[in-house]
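Since every read-out is calculated from the coordinates, none of them should be taken as a lab result. Because the structure is predicted, anything quoted here is derived from the model rather than measured. Neighbour counts are summed over all protein chains in view; Cβ atoms, including those assigned to glycine, are modelled from backbone coordinates with ideal geometry.
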Amino acid sequence: MESANIKTGLKLPDSKIIKYTEIIENEDVKFLGLKIYTKTKRLRNHTLSQLIDYIVSLNYESLIDLNKIHSKYEIERTICMITSEKSGVEIHEIELFHAFTYDLGMD
């Protein structure tokens with residue numbers, strides 16, 4: 001499910017979250033209106049912001065003091081991870097706008 005980082009001690013998401021997708025975007029590079037070459041770039045599955053959210057959620061017990069909540073963000077990340085733990089749904093499949101019943105398949 002997740003791996004532990006030796007240097008930071010933090011749990012990290014599966015490497016499949018970080019890998020590139022098969023989506024390739026082509027962009028023509030032009031100079032003075034003439035096409036020089038076509039640049040291709042592969043797109044990632046998730047944004048850096050989402051990756052940070054996943055890391056915070058996976059490590060909420062060590063990063064967030066539940067007795068001293070400072071922000072809505074801390075509550076959201078904790079709820080996402082508890083939902084993942086109780087439901088078995090991977091953390092990267094849970095977004096704040098999801099409904100338990102329709103999106104996550106829980107009754």
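The distance between label points at I75 and L63 comes to 1.9 nm (points 7 Å beyond Cα on the Cα→Cβ vector).
Protection proxy ranking for 27-35, 70-78, 86-94, using the average of other Cβ atoms within 10 Å per residue and placing the highest first: 86-94, 70-78, 27-35.
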